[in-house]
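*Asks:* Pasting a structure here, questions to come.
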């Protein structure tokens, strides 16, 4: 990209980059798209983009060369990068005045390319049990769901988890919650009912024709949801609060309905509801997710795969609301 806008997306040949002493060169096999990538391409999202700019943040590939100071990886290793590479563990970087938002495909250049080079500290080993296309879906969507449910809300067996979507983060959340022994209620378009139930949901709510809150009360015998993976935002947070059980945890992730959140105060207070703001997760959390994937057999849900030259078609598909993730195949044999 030489500027903001879909019309400025072009394929360009450039020299293969050479890794610095502490970096590796990765041959990309697959890149998965997030709705955020589309927003960055079309609006810039107010980020300090440096042009020419490469979009995309999530990939899986193989190390093909390394700097002389590299010790964590060897040539041939399959790797993924942390979405927020400066966040290794513990609290997210930043302060009250300036929360950190230094991500790949935004503050840092993206990964929609055949080769990328980056510091070894930004990378984690890919799961042995997944293909490159499947592994490419983990660094943002998978990690966000994992960090919310496993490392903030502390999902456990017996919990009821409400997920009002069938997008990438939502379906990862469904699988992660089920792997922890939780019951899962998913709300979405009626056309996705059977696919959602087959993928592991215990209950499905038609978000266009059913009253979400009343259906949750009915399913849980008025107890409510112990955890809500709130991926919609805006005024929808109010529905999450109403559907929440006493002592529930709400993980606020998405802003599809807007960045100004609203919710009724009385049920929020009287039900002692905790709200966690989730902005992906640390590299350490991604490493935890990789181990969990290999041990539980979790398989990401991929809606469609496209070639690099069909990126605009893939972005159009994002607008339609895919069931799961969209993947760009850079090297299908990788």
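The values are calculated or read from the model by the stated rules, or taken from the named source; none is laboratory data. Everything numeric in this text was worked out from a predicted model, so none of it was measured. Neighbour counts run over all protein chains shown; Cβ positions are idealised from the backbone, glycine included.
*Asks:* Against the definition (touching a helix residue (DSSP H, G or I) at 6+ places or on another chain (Cβ under 9 Å) and at pLDDT 95 or above), how does residue 111 come out, yes or no? Before you say what the answer is, go through the steps one by one.
*Replies:* On the way: touching a helix residue (DSSP H, G or I) at 6+ places or on another chain (Cβ under 9 Å): no; at pLDDT 95 or above: yes.
Judged against the criteria, residue 111 is not a match.
*Asks:* Being under 23 Å from residue 147 (Cβ atoms) and assigned to a strand (DSSP E or B) is true for just one of 201, 240, 177, 245. Which residue is that?
*Replies:* Selected residue: 245, the only one of 201, 240, 177, 245 that is under 23 Å from residue 147 (Cβ atoms) and assigned to a strand (DSSP E or B).
*Asks:* Quick one: in the range 235-260, which of the residues that are under 18 Å from residue 187 (Cβ atoms) and at pLDDT below 90 is surrounded by the most Cβ atoms within 10 Å (Cβ to Cβ)?
*Replies:* 254
*Asks:* Could I ask something else about it? I need the full set of residues from the range 25-48 which are surrounded by fewer than 20 Cβ atoms within 10 Å (Cβ to Cβ) and part of a loop (DSSP other than H, G, I, E, B), in order please.
*Replies:* Listed by number, the residues that qualify are 47, 48.
*Asks:* Another one. Which residue pairs have Cβ atoms closer than 6 Å, lie 6 or more positions apart in sequence or on different chains, and pair a first residue in the range 200-213 that is under 8 Å from residue 186 (Cα atoms) with a second residue that is surrounded by fewer than 16 Cβ atoms within 10 Å (Cβ to Cβ)?
*Replies:* 204/197
*Asks:* I've got another one for you. Within the range 288-316, how many residues are within 25 Å of residue 148 (Cβ to Cβ) and in a helix (DSSP H, G or I)?
*Replies:* Summing the residues that are within 25 Å of residue 148 (Cβ to Cβ) and in a helix (DSSP H, G or I) in the range 288-316 gives 9.
*Asks:* A further question follows. Taking the condition of being part of a loop (DSSP other than H, G, I, E, B), within 24 Å of residue 181 (Cα to Cα) and in contact with a helix residue (DSSP H, G or I) (Cβ under 9 Å, 6 or more places away or on another chain), how many residues in the range 221-237 meet it?
*Replies:* Residues in the range 221-237 being part of a loop (DSSP other than H, G, I, E, B), within 24 Å of residue 181 (Cα to Cα) and in contact with a helix residue (DSSP H, G or I) (Cβ under 9 Å, 6 or more places away or on another chain): 3 in total.
*Asks:* State whether one or more residues within the range 11-29 are touching a helix residue (DSSP H, G or I) at 6+ places or on another chain (Cβ under 6 Å) and closer than 18 Å to residue 83 by Cα.
*Replies:* Within the range 11-29, one or more residues are touching a helix residue (DSSP H, G or I) at 6+ places or on another chain (Cβ under 6 Å) and closer than 18 Å to residue 83 by Cα.
*Asks:* Based on this model, can you work out whether residue 173 counts as buried (at least 24 other Cβ atoms within 10 Å of the Cβ), at pLDDT below 95 and not assigned by TED's automatic domain parsing to the domain that holds residue 84?
*Replies:* In short, no.
*Asks:* Could I ask something else about it? Can you tell me which residue among 143, 130 is part of a helix (DSSP H, G or I), modelled with pLDDT of 95 or more and within 18 Å of the chain's Cα centre (by Cα)?
*Replies:* After ruling out the rest, the residue left standing is 143.
*Asks:* Modelled with pLDDT of 95 or more and surrounded by fewer than 17 Cβ atoms within 10 Å (Cβ to Cβ): is that true of residue 22 in this structure?
*Replies:* So residue 22 passes the test.
*Asks:* So, in the range 280-296, exactly how many residues are touching a strand residue (DSSP E or B) at 6+ places or on another chain (Cβ under 8 Å) and either crowded, with 21+ Cβ neighbours inside 10 Å or within 30 Å of residue 262 (Cα to Cα) (or both)?
*Replies:* Total meeting the criteria: 3.
*Asks:* Please specify each residue of the range 78-95 satisfying the condition of being assigned to a loop (DSSP other than H, G, I, E, B) and surrounded by fewer than 17 Cβ atoms within 10 Å (Cβ to Cβ).
*Replies:* Within the range 78-95, 88, 89, 90, 91, 92, 93, 95 qualify.
*Asks:* So is residue 150 closer than 27 Å to residue 297 by Cβ, assigned to a helix (DSSP H, G or I) and in contact with a helix residue (DSSP H, G or I) (Cβ under 7 Å, 6 or more places away or on another chain) or not?
*Replies:* Spelling it out, residue 150 is indeed closer than 27 Å to residue 297 by Cβ, assigned to a helix (DSSP H, G or I) and in contact with a helix residue (DSSP H, G or I) (Cβ under 7 Å, 6 or more places away or on another chain).
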